[in-house]
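Q: Handing you a structure now.
The values are calculated or read from the model by the stated rules, or taken from the named source; none is laboratory data. What you see is a predicted model, and the numbers here were worked out from it, not measured in a lab. No Cβ is skipped: glycine too gets one built from the backbone with ideal geometry, and neighbour counts run over all protein chains shown. Note: areas computed on protein heavy atoms with side chains; ligands, DNA, RNA excluded. Shrake-Rupley method; radii C 1.70, N 1.55, O 1.52, S 1.80 Å.
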Amino acid sequence: MIDLNTMVDPDRGWNDPRIYTDQDLYERELEYVFGRTWLFLAHDSQLPKPGSFIQTYMAEDPVLVVRQRDGSVKAFLNQCRHRGMRICRTDAGTSKTFTCTYHGWAYDLAGNLINVPLEEVAYRNEIDKSRWGALKVLRIANYRGFCFGTWSEETPEFEDYLGDMAFYFDAVVDRFASGLELVPGTTKWVIDCNWKFAAEQFASDMYHAPVSHASAMMALTDDPNASGGNSNQNAPGRQFGDNGHGSGGFFSPQAVMPAPYLGDATYAWMKTKEEEHIEQVGIDRVLKVNNHNTIFPNFSWLAFGLSTMRVWHPRGPGQIEVWAWSYRPKDAPDDVKAEMRKMTQRTFSPAGSFETDDGENWTEIQQVLRGHKARTTKFHTGMGLGHDEQDVHGLPGSSNHVYAEHAARGFYRRWRDLVTGTPWARIQKPDRARDAADSALAEEA
Ligand code: FES
Ligand SMILES: [Fe+2]
């Protein structure tokens, strides 16, 4: 087992690669990271009426997320309390109850045990059903139609947990007065890599785009000089982190994505929406903040235009299951909606031209890490270290040049705090004082 306190050093800019391979550490992640953070469960549009449900996961734990009769959302472990079979084996649907297919125990929409077959004969009426309901997800937060859940009582309230990220999340989810919807159905695929490679990249890595995505970009735009990102060294994009802790993202500013990204119908329709966007989220955010982001630990999205949201479900230290959705405004005309869906499929789906570039990098890295020397040779995470700025360009909290690893360092700082078992009360606090201390440390190094 590696020393928990010296696995990553976001203040000096390096990681120990064993954080991507170590099985014992992975077990700690399940308990101390995924067991103590807010995890994305479902969007309101996936649960349209009472009894609507979907199956998903909180890390490796299967959960059922269900719309209740009173309109609220509840979630519980999809595990029967008799012998542990899945209570429900359907991906999504509408139901009044859930009956286990093994011996027939039945649960209501909130996961309470309501019927056991042969209760009188087999159990002599001696089973206390009220004690044997499914394990409830302790807390659910519905933030602008996005439901997150946590098993932990000590996790800060969701809005505190989001911190500065609310500004950026709202820039995406509040942009349209009608709200967003997820295209029905979940696109799922497996990548043989550690979950942190994917989550960190969506939080922090504009740097790979001009190199990794160059050929995809040329094909997409029909421009032989195109690169897969804004390769202009002076690009005024920014990278931001929740004051250096946990969630983070980045963007290159533009009012509306260029037509080659969006398609003609979408581009024309988006033009008619500019006034609405300004009213919804303000001119600053409309012009600047179409962002890519990860809400710690494993919920990520890409900016409107690419329009993908996904969860990186961990499957051991060396594998993830990606669950992805294309998002779009609810009130878009059908032809625009179809175009948006195709754009996500073309770029960021299992066979998407950009997605496959990313997966190729991550799986190669994971294979390289099979080597002992490879696993014990530090990685550099110091891009832009010492150059964070506070509250600049109308952006709240800390930010840095778009080509930086500010958000990555924040991601690993939060991860270290959690995986070492630090109580939330000591982690979550106004961070300016702590950031000052961190910078002082970095200067010493
Ligand atoms: S495992 Fe579910 S009823 Fe037996
Ligand atoms: Fe990428």
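Q: Let me check I've understood the local charge: for I283, count other residues with C-beta under 11 angstrom from its C-beta, Lys and Arg +1, Asp and Glu -1. What total comes out?
A: -2
Q: Charges only on Cβ, +1 for Lys and Arg, -1 for Asp and Glu: so what's the dipole of the chain about the Cα centre, in debye to the nearest 20? Present the calculation step by step, with values, prior to reporting the outcome.
A: Numbers: 47 positive and 60 negative charges, 267 e Å.
The calculated dipole for the chain is roughly 1280 debye.
Q: Over the chain, what is the relative contact order in percent, taking alpha-carbon pairs closer than 8 angstrom and at least six residues apart?
A: 22
Q: Also, I was wondering about something else. May I ask you to compute the full-extension gain from I2 to E321, defined as 0.36 nm times their residue separation minus their alpha-carbon distance, rounded to one decimal in nm?
A: That pair, I2 and E321, stretches by 112.3 nm at full extension.
Q: Determine the gain in length on full extension of the stretch K373-L30; use 0.36 nm per residue of separation and subtract their C-alpha separation, reporting nm with one decimal.
A: That pair, K373 and L30, stretches by 120.8 nm at full extension.
Q: Provide E405, E120 ordered by accessible surface of protein heavy atoms (probe 1.4 Å), highest first.
A: So the residues, ranked largest to smallest area, are E120, E405.
Q: What lysines sit close enough to K129 to cross-link, taking a C-alpha to C-alpha distance under 24 Å and skipping anything fewer than 8 places away on the same chain?
A: Hits, sequence-local ones excluded: K74, K96.
Q: Give me the number: length gained by fully extending L135 to S152, i.e. 0.36 nm times residue separation minus the C-alpha to C-alpha distance, one decimal in nm.
A: 4.9 nm
Q: Within a Cβ distance under 12 Å of Y207, other residues only, what is the Lys/Arg minus Asp/Glu net charge?
A: Once positives and negatives cancel, what remains is -3.
Q: Let me ask another. For a Förster distance of 35 Å, can you work out the FRET efficiency between the beta-carbons of D160 and R341, rounded to the nearest 0.05?
A: The computed FRET efficiency comes out at 0.50.
Q: Using the per-residue mean of other Cβ atoms lying within 10 Å as a proxy for protection, in what order, highest first, do the peptides 99-112, 358-371 fall?
A: Highest to lowest by the protection proxy: 99-112, 358-371.
Q: Oh, and also: With labels modelled as points extended 7 Å from the Cα through the Cβ direction, what inter-label distance (nm, one decimal) is found for K96 paired with Q68?
A: About 2.0 nm separates the two model spin labels.
Q: If you don't mind, there's one more thing I want to ask. Extending each Cα 7 Å along its Cβ direction at Q390 and W189, get the distance between those two points in nm, one decimal.
A: Between Q390 and W189, the label points sit 4.3 nm apart.
Q: Moving on. With an 8 Å Cα cut-off and a minimum separation of 6 or more residues, compute the relative contact order for region 139-246 in percent. Intermediate values should be presented prior to the final figure.
A: Values: 60 pairs, mean separation 21.0, N = 108.
For region 139-246, the relative contact order is 19 percent.
Q: Treating the beta-carbon of each Lys and Arg as +1 and of each Asp and Glu as -1, no other charges, what is the dipole magnitude of region 303-426 about its Cα centre, to the nearest 20 debye?
A: Values: 17 positive and 15 negative charges, 126 e Å.
The dipole magnitude comes to about 600 debye.
Q: Could you do me a favour and compute the accessible area per residue for the chain, 1.4 Å probe, result in Å²?
A: 42
Q: Counting only protein heavy atoms and a 1.4 Å probe, tell me what percentage of region 292-339's accessible area is made up of carbon and sulfur.
A: The value for region 292-339 is 47 percent carbon and sulfur by accessible area.
Q: While we're on this one: Under 14 Å Cα to Cα from K337, which aspartates and glutamates show up? Leave out anything in the same chain fewer than 8 places away.
A: Filter leaves E181, D264.
Q: While we're on this one: For K373, give me every one of the lysines with a C-alpha distance below 26 angstrom, ignoring sequence neighbours fewer than eight places off in its own chain.
A: K196
Q: Extending each Cα 7 Å along its Cβ direction at A214 and K271, get the distance between those two points in nm, one decimal.
A: It is 3.3 nm.
Q: Among 323-330, 12-19, 68-75, how do they line up by average Cβ neighbours within 10 Å per residue, starting with the highest? Mind showing how you got there, number by number?
A: Values: 323-330: 20.5, 12-19: 18.8, 68-75: 15.2.
Listed from highest to lowest mean packing, they are 323-330, 12-19, 68-75.
Q: Once the Cα gyration tensor of region 39-141 is found, what semi-axes does its equivalent ellipsoid get, as square roots of 5 times the eigenvalues, in whole Å, sorted largest first?
A: 24, 13, 12
Q: Which distance in Å, rounded to a whole number, links the C-alpha centroids of region 43-82 and region 106-174?
A: Taking the Cα centre of region 106-174 as reference, the centre of region 43-82 is 8 Å away.
Q: Here is a further query. Restricting to DSSP loop positions (anything but H, G, I, E, B) with no more than 16 other Cβ atoms inside 10 Å of their own Cβ, which trypsin sites (Lys or Arg not before Pro) remain in region 81-147?
A: For trypsin sites (Lys or Arg not before Pro) across region 81-147 that sit outside H, G, I, E and B with at most 16 neighbouring Cβ atoms in 10 Å, the list reads R83, R89, K96, R124, R144.
Q: Could you list log10 I(q)/I(0) for the chain at q = 0.08, 0.09 Å⁻¹, which the Debye formula gives when each Cα is one point scatterer?
A: Here the Debye-derived log intensity ratios amount to -0.47, -0.59.
Q: Here is a further query. So what's the net charge close to T221: Lys and Arg +1, Asp and Glu -1, counting the other residues with Cβ under 15 Å from its Cβ?
A: Numbers: positive: R346; negative: D222, D223, D264.
That sum, taken over residues with Cβ under 15 Å, equals -2.
Q: Select from I365, F76, G133 the residue farthest towards the positive end of the dipole of the chain; place +1 on Cβ of Lys and Arg, -1 on Cβ of Asp and Glu, and compute about the Cα centre.
A: Looking along the dipole axis, the top candidate is G133.
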